[in-house]
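The values are calculated or read from the model by the stated rules, or taken from the named source; none is laboratory data. Being a predicted model, the structure only gives us computed values, none of them experimental. Virtual Cβ from ideal backbone geometry, glycine too; neighbours counted across all protein chains shown.
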There are 2 protein chains.
Amino acid sequence: MQTVSIGVIHSPFKDASGVPIQAVFAPQAQGEVEVFPEYRQGLQDLEGFERVWLIYWFDRQEGVRLRVRPFRDDRERGLFATRAPCRPNPIGISPVRLLRLEDGRLYVAGIDVLDGTPLLDIKPYCRQFDAFPESRSGWLETSENTRTRSDNRFAGP
Amino acid sequence: MQTVSIGVIHSPFKDASGVPIQAVFAPQAQGEVEVFPEYRQGLQDLEGFERVWLIYWFDRQEGVRLRVRPFRDDRERGLFATRAPCRPNPIGISPVRLLRLEDGRLYVAGIDVLDGTPLLDIKPYCRQFDAFPESRSGWLETSENTRTRSDNRFAGP
């Protein structure tokens, strides 16, 4: 189960501190997703989708923590009940808005990813499969923490 | 970028043919997600979430195809505009409904995954971050193909 990099995500965020916690908190933040030439044939027909899932590797994350204090809460929670990066498989998923596709580059908005992050996959966001606007969201429903940007809490092993 | 298996997905689907194409097409299909003991501490607080993302490895998929005829369409499309399994990184994501959590096992409904599939990650489904019910879905919007179960089209390299 060895992953390969199919591209690189370019974003305004150079440091793990100050990154939007989720795409939805930075609708204006723009980035570019560079797909390596050998994979570009697979991008056809993607432009019809308003959003795409970026699947990527948290390459600057070190170590795993099974209990974390998430950005949006003030209590410790089980890792798998959070989107924190310190995971056994440091894989992130972000539904970003696709602005345009040109020469193997996706111009996207609502990016919440560090600059230089290795891209593993792109999937279309399909409202028919992915949108559950009524889904109950556990601790997020009652948390009064309204932080929208990251800090350094997950730095180091 | 080496992945590790953190558990195994158990489902009624033993063969790549006949699996629901997406979780939403099999709301009644139930499965169990076994999380290995060393990771179970991370499951705390997950039960408050109505849905969870399962992130897994398509372990029986062989080969990559950059152009595919998706299950839900009758034309060839670029791979990244589809959810087909023959990807450079054969990683799948499924938003399944969490029925209950007991002894390190998630009992889930709406499963669209082959029995025995290695689990890479679990993330909470957060309607605040993940639900875009108005998002335009490219070719899916106009396809008249209404297939809901897989066949063997992606078998072999």
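General remarks:
- Number of the exception - A:Ile93 against (1) at the interface with chain B (Cβ under 9 Å from one of its Cβ atoms); (2) more than 24 Å from B:Ala81 (Cα to Cα); (3) touching a residue at least 24 places away in the same chain (Cβ under 8 Å); (4) not aromatic (Phe, Trp, Tyr): (2)
- Breaking point among (1) free of Cβ contacts under 8 Å to residues at least 12 places away in the same chain; (2) part of a loop (DSSP other than H, G, I, E, B); (3) in contact with a helix residue (DSSP H, G or I) (Cβ under 7 Å, 6 or more places away or on another chain), for B:Phe129: (2)
- In region B:75-90, the qualifying residues are those that are at the interface with chain A (Cβ under 9 Å from one of its Cβ atoms), assigned to a loop (DSSP other than H, G, I, E, B) and in contact (Cβ under 8 Å) with a residue 60 or more places away in the chain, and the one that is surrounded by the fewest Cβ atoms within 10 Å (Cβ to Cβ) is B:Arg75.
- Restricting attention to region A:52-82, the residues that are under 16 Å from A:Leu114 (Cα atoms), more than 16 Å from the chain's Cα centre (by Cα) and at pLDDT 95 or above total 0.
- Of all residues in region B:6-49, those that are more than 27 Å from B:Arg127 (Cβ to Cβ) and of a type in the set (Lys, Arg) total 1.
- When B:Arg40, B:Arg72 are checked against the criterion of being over 17 Å from A:Arg40 (Cα atoms), part of a helix (DSSP H, G or I), basic (Lys, Arg) and more than 7 Å from chain A (Cβ to nearest Cβ), a single residue qualifies: B:Arg40.
- Output for region A:43-69, where each listed residue is assigned to a loop (DSSP other than H, G, I, E, B) and over 11 Å from A:Val96 (Cβ atoms): A:Gln44, A:Asp45, A:Phe58, A:Asp59, A:Arg60, A:Gln61, A:Glu62, A:Gly63, A:Val64, A:Arg65, A:Leu66, A:Arg69
- Screening A:Gly104, A:Gly116, A:Gly63, A:Gly78 for residues that are of a type outside the set (A, V, I, L, M) and in contact with a His (Cβ under 9 Å, 6 or more places away or on another chain) leaves exactly one candidate, A:Gly116.
- Among the residues of region B:137-157, those that are within 14 Å of another protein chain (Cβ to nearest Cβ) and within 18 Å of A:Asp130 (Cα to Cα) comprise B:Ser137, B:Gly138, B:Trp139, B:Leu140, B:Glu141, B:Thr142, B:Ser143, B:Thr146, B:Arg147, B:Thr148.
- Qualifying residue in region B:105-124 (condition: under 22 Å from A:Phe49 (Cα atoms) and either more than 9 Å from chain A (Cβ to nearest Cβ) or not in a loop (DSSP other than H, G, I, E, B) (or both)): no
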